[in-house]
Amino acid sequence: MMSMTLTPIQPNPKHIEVPIMAGILHPQLLLLSRQYCRVFSVMSSQIHTSSGVAAKDHYKVLVLGGGSGGIAMAARLKRKVGAENVAIVESSEMHYYQPIWTLVGAGAKTVASSGRSTASVIPSGVTWVKSKVAEFDPENNTVHTDSGKKISYDYLIVALGLELHYEKIKGLPEGFEHPKIGSNYSVETVEKTWNALRNFKEGNALFTFPNTPVKCAGAPQKIMYLSDSFLRKTGKRSKANIIFNTSLPVLFGVKKYADALWEIVKKRDLNINLRHNLIEVRADKQEAVFENLDKPGETEVFEYEMIHVTPPMGPPAVLKGSSLDDAGGWLDVNKHNLQHKTYANVFGIGDCTNLPTSKTAAAVAAQSAVLDRTVSRILKKETPDKSYNGYTSCPLVTSYNTVILAEFDYDGQPLETFPVDQISVRMRTVYSIIRVLRKNPSERRREMASRAAVADLSVVL
């Protein structure tokens, strides 16, 4: 396994880490956009712009969503069409780099380190429309916002992410008012995970995986491994029964990495129950109810001293039932060039799409390069010629200083960056490889270096 060191910290309201974009996580986002971090003043009107340009109703490129995918594409495309011709529709005042929340839940990072103001990450000169998307009208190249505004476009980039559905579990979200329950998937609940872990005394430590697509599918078990490590360091492991209940029929979808994880599970005496889906939390009784997906109608109740809940997830509500979605409600795009299957001037990136690959930040980084090329070709009235192979990376953190770096494609085949076995490589080797690749002038090695940097950054998430 790769070796790294992450030391748990004690929360301190006066302890504010260097903002994420300027710290260790910054290079990954730099890969998405060299323009990503310029700070500018936010205007008080409904539409904000760093350039002072008057608000418009039409943009050559309209980007929906201010997450990593949306910001990346706005930064890339402003170079091609001009910043004044690009706008981002995003309602949130804060931008959170969510992969770091795994470490927040394990006490190794603070939640403050994961956030910056949305204004500070929107590329300079690009207009910020501070609203929610209310309706799509692709027949007329128009988007309606919740403020009643209609914005037209030549090209539309949909990067709306996905939605969490704690409410689909009986007893949630109100159950989070109790101290033994947390979730690393929400800024409101991630610190509750750390509180439950550090106050653990004796009993079951329970971790869940829902029966839906999820973002960062490795995260539900990462927190299990980190909790095991923390309990060992604090002398409480002998009093803990660690249980991972997953709706999936496998521990991990790629056999190479699954085999390695099963070895860790056996060595550390972790209990895995496949095809178990959380349907209810009785927080006042510290009980969780699971359905057996292989035996319809059969349920099982687990008591817990602490529980980490991974919520059901789904496509954005505004997409479901629109003319842009597939049967499942996800944005219906070509899996190779990310162009919508019906509307040629509509494109998608990230978690909101129906791309058959894991929904991760590394996937977004790979998709952004392909989508940039696709849109560039279409702007020139040329046929897209670059294909996305489904590349994604899942850094399976297995303790505070070890990780298995899983990288794979659409077919679940390992697509590893480094010329070593990524199940058993040390971080100093990773850094050495990146330095060598960057010094080599060949285009192939520069591409490998960029991908290596993404994978390397993902390791500490």
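The values are calculated or read from the model by the stated rules, or taken from the named source; none is laboratory data. Computed from a predicted model, the values in this text were never measured in an experiment. Neighbour counts run over all protein chains shown; Cβ positions are idealised from the backbone, glycine included. The accessibility values were calculated without ligands, DNA or RNA, using every heavy atom of the protein model including side chains. Shrake-Rupley method; radii C 1.70, N 1.55, O 1.52, S 1.80 Å.
Things worth noting here:
- Any hit, region 148-159, residues being under 27 Å from Met313 (Cβ atoms), among the basic types (Lys, Arg) and buried (at least 16 other Cβ atoms within 10 Å of the Cβ): no
- Residue in region 207-229 that is farthest from the chain's Cα centre (by Cα), counting only those that are of a type in the set (A, V, I, L, M, F, W, C) and open to solvent by 20 Å² or more (accessible area, probe 1.4 Å): Ala217
- Here Val454 does not qualify as part of a helix (DSSP H, G or I) and at pLDDT 95 or above.
- Segments classed as strands (runs of 3 or more DSSP E), wholly inside region 298-401, with at least 3 members that are surrounded by 17 or more Cβ atoms within 10 Å (Cβ to Cβ): 306-308, 346-348, 392-397
- Subset of region 359-385 [out of contact with any Phe, Trp or Tyr (no Cβ under 8 Å at 6 or more places or on another chain), in contact (Cβ under 8 Å) with a residue 24 or more places away in the chain and not aliphatic (A, V, I, L, M)]: Lys359, Thr360, Ser368, Asp372, Ser376, Pro384
- Odd one out for Asp154, checked against (1) without any contact (Cβ under 8 Å) to a residue 40 or more places away in the chain; (2) not assigned by the TED database to the domain that holds Leu293: (1)
- Screening Ala87, Ala119 for residues that are open to solvent by less than 10 Å² (accessible area, probe 1.4 Å), closer than 24 Å to Val318 by Cβ, in a helix (DSSP H, G or I) and not acidic (Asp, Glu) leaves exactly one candidate, Ala119.
- When residues in region 129-151 are screened for being touching a residue at least 40 places away in the same chain (Cβ under 8 Å) and of a type in the set (S, T, N, Q), 4 of them pass.
- All positions within region 129-141 that are over 25 Å from the mean Cα position of the chain (by Cα), of a type in the set (D, E, K, R) and open to solvent by 60 Å² or more (accessible area, probe 1.4 Å): Glu139
- Hey, Glu407 in contact with a strand residue (DSSP E or B) (Cβ under 8 Å, 6 or more places away or on another chain), among the charged types (D, E, K, R) and either outside any loop (DSSP other than H, G, I, E, B) or at pLDDT below 80 (or both) or not: yes
- Here is the figure for region 246-285: residues that are at positive phi and buried (at least 16 other Cβ atoms within 10 Å of the Cβ) total 1.
- Residue under evaluation His144, criteria (1) in a helix (DSSP H, G or I); (2) open to solvent by 10 Å² or more (accessible area, probe 1.4 Å), criterion not met: (1)
- Looking only at region 243-288, residues that are in a loop (DSSP other than H, G, I, E, B) and under 25 Å from Thr357 (Cα atoms) come to 10 in all.
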